[in-house]
1. Which order do the peptides 145-151, 310-316, 178-184 take when ranked by the mean count of other beta-carbon atoms within 10 Å per residue, highest first?
2. Going by C-beta contacts inside 10 Å, put THR16, THR299 in order with the fewest on the left.
3. Using Cα centres only, tell me the gap between the stretch 159-205 and the stretch 252-298 in whole Å.
4. Can you tell me the order of 188-199, 126-137 when each peptide is scored by its average per-residue count of other Cβ atoms within 10 angstrom, highest first?
5. Evaluate the charge dipole of the stretch 129-226 about its Cα centre and quote only its size in Debye, nearest 20, assuming +1 on the Cβ of each Lys and Arg and -1 on the Cβ of each Asp and Glu.
6. Quick one: dipole size for the stretch 206-271, taken about the Cα centre, charges +1 on Lys/Arg Cβ and -1 on Asp/Glu Cβ, in debye to the nearest 20.
7. Of the GluC sites (Glu not before Pro) in the stretch 194-278, which ones lie in a loop per DSSP and count no more than 15 other C-beta atoms within 10 Å?
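Bear in mind these aren't lab numbers, they're just calculated from the coordinates by the rules spelled out. All values reported here derive from a predicted model rather than from experimental measurement. As a convention, Cβ positions derive from the backbone with ideal geometry for all residues, glycine included, and neighbour counts pool all protein chains shown.
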Amino acid sequence: MEFVSEYGLFLAKAVTVVVAIGFLMLVIAAAKRGDGEDERGSITVRKLNQQYDAYRDAMREAVLEPEAFKQLIKAEEKDKKAEHKLAKEKAKKAGKDTAAEPEKRLFVLNFDGDIKASPVDAMREEISALLSVAQTGDEVVLRLESGGGMVHSYGLASSQLDRIAKAGINLTVCVDKVAASGGYMMACVADKILAAPFAIIGSIGVLAQVPNIHRLLKKHDVDVEILTAGEYKRTLTMLGENTDKGRAKFMEELEQTHELFKGYVGERRPNLDIAAVATGEVWYGSQAIGNGLIDEIMTSDEYLQQAAVEYPIYEIAYEHKKTVAEKLGLSVEGSVDRLASKWWDRAFYQRYKH
């Protein structure tokens with residue numbers, strides 16, 4: 001029995017080693033294959049009208065008697081055929097092709113931003129895709145949620161939305177929760193901004209926080225050498241001793257960024273009293289409509305469901321191809337980034353929670 005027990009333990013160890021080696025070889029092989037493959041992702045398009053129709057039919061089937069539901073469906077199908085026939089006859093008289101594209105289509109994008117505006121990588125691909133088929137009369141609806149973040153990241157995100165405006169396509173931004181700071185920089189590009197009553201809007205200002213532990217290091221006799229070429233290569237530092245001159249230069253750069261921000265917003269919303277709203281303050285949607293930061297109080301769901309009655313609506317999403325490390329959950333950098341973004345969002349919302 002002792003021999004059997006020892007043999008069983010040895011066998012279990014051997015199997016574990018073989019499985020581990022096989023798994024490692026599989027990961028290496030997959031990584032090598034990935035190096036030679038196209039790292040780009042793919043575009044998916046979903047027609048939202050079908051989703052709304054499915055919701056409606058499910059509810060009616062639940063609340064109506066079976067026979068009444070069947071009769072309703074038959075009547076609607078009959079009406080659709082009659083409408084199609086009428087439209088075909090009108091198009092024939094007008095000399096138009098009935099197979100031509102509809103007069104207006106809505107393309108829906110989603111942007112849930114973090115401190116680095118990470119979704120911009122997907123959004124740029126989505127915009128490139130929709131601009132390849134969009135035409136005058138179509139509309140792009142962006143469901144935007146962001147409390148802002150890095151200036152250069154949100155500057156790029158706003159520039160991507162500018163591509164839609166330059167193409168002559170109408171852009172509507174819907175804010176259900178928050179479009180503040182860099183988020184509002186994106187929203188102001190739109191021809192029309194809609195927001196929920198308690199959505200957080202504004203924060204047209206610039207923030208910088210630099211911790212400094214110079215005194216702590218000095219107390220423990222730790223010297224820090226900061227060598228630069230260029231008078232203002234480093235104005236404020238975390239480790240060295242900061243100077244009044246460095247602070248003044250840093251503030252000058254913050255003010256310059258703020259002026260650029262105000263100019264960007266003012267150019268795209270010329271009727272806005274930029275001096276009154278560019279104070280870094282935020283307003284709820286029901287307040288923001290009064291000072292011109294938004295155009296209408298409405299949720300994205302309400303807007304899209306109303307539009308679905310008249311127009312075809314297509315939701316576009318771009319998905320990056322995941323690396324082997326990401327698939328296995330071994331991307332430490334991604335985890336750190338997500339944690340930092342989570343704390344940034346938590347700190348932002350903490351200020352405005354009831």
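1. Details: 145-151: 21.7, 310-316: 17.4, 178-184: 28.1.
By packing density, highest mean first, the sequence is 178-184, 145-151, 310-316.
2. Numbers: THR16 10, THR299 18.
Result, fewest neighbours first: THR16, THR299.
3. Value for the Cα centre distance between the two parts: 11 Å.
4. Details: 188-199: 21.4, 126-137: 15.9.
Packing proxy ranking, top to bottom: 188-199, 126-137.
5. On the way: 8 positive and 9 negative charges, 36 e Å.
Here the stretch 129-226 has a charge dipole of around 180 debye.
6. Numbers: 11 positive and 11 negative charges, 46 e Å.
Dipole about the Cα centre, nearest 20: 220 debye.
7. GLU225, GLU231, GLU241
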